[in-house]
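Scroll down for the structure; my scribbles are underneath it.
The values are calculated or read from the model by the stated rules, or taken from the named source; none is laboratory data. Keep in mind that this is a model prediction, so the values were computed, not measured. Cβ: placed from backbone, ideal geometry, glycine included. Neighbour counts: every protein chain shown. With ligands, DNA and RNA removed, areas are computed over all heavy atoms of the protein, side chains included. Shrake-Rupley method; radii C 1.70, N 1.55, O 1.52, S 1.80 Å.
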Amino acid sequence: TQLIDSTLFKITPTVARALTSATAAELVAGCKGCQVGTTFDFSITCLAAFAVTLGGGSGVTLVGSGVTNNSAAMFRARFTNVTSGAEAVTIYRVS
């Protein structure tokens, strides 16, 4: 639920970092009453010149670049399947 509820993430890496989202099943479990089409937004702000790369956990697809450094990146996650055992989420880079 941290990804859904917090929405703002700040990192100051001293080397390049890879971040992986929660799995689609974890995101569905953490979103009370979500349905196909439910969305939530979040941002990752990198306060250093080292790249931070977002990747998707199991069942999560990333559309657009997941890389940011010395800037902020905005993302919108959309639930595309909320059926138990077949959960799926697509995360879109929006800026």
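Here are some notes:
- Whole-Hz ³J(HN,Hα) from phi, Karplus 6.51 cos²θ - 1.76 cosθ + 1.60, for region 85-95, glycine and proline x: x, 10, 4, 8, 9, 10, 10, 9, 7, 10, 6
- Listed as lacking a disulfide-compatible partner in the chain: C46, by the criterion of no other cysteine Cβ under 4.7 Å.
- Candidate residues D5, D41: accessible-area rank, largest first, probe 1.4 Å: D5, D41
- Ordered from largest to smallest accessible area (heavy atoms of protein chains, 1.4 Å probe), the residues F42, F50 come out as F50, F42.
- Whole-Å distance, taken between Cα centres, linking region 1-28 and region 33-95: 9 Å
- Scanning residues 5 or more positions from F50 or on other chains, those with amide H under 5 Å from its amide H are N70, with H placed 1.01 Å from N in the peptide plane.
- The chain: radius of gyration and largest Cα-Cα distance (Dmax), Å: 13.1, 40
- Only beta bridges with both residues in the chain are counted; by DSSP, about 55 percent of them are antiparallel.
- Accessible surface of the chain [probe 1.4 Å, protein heavy atoms]: carbon and sulfur percent: 53 percent
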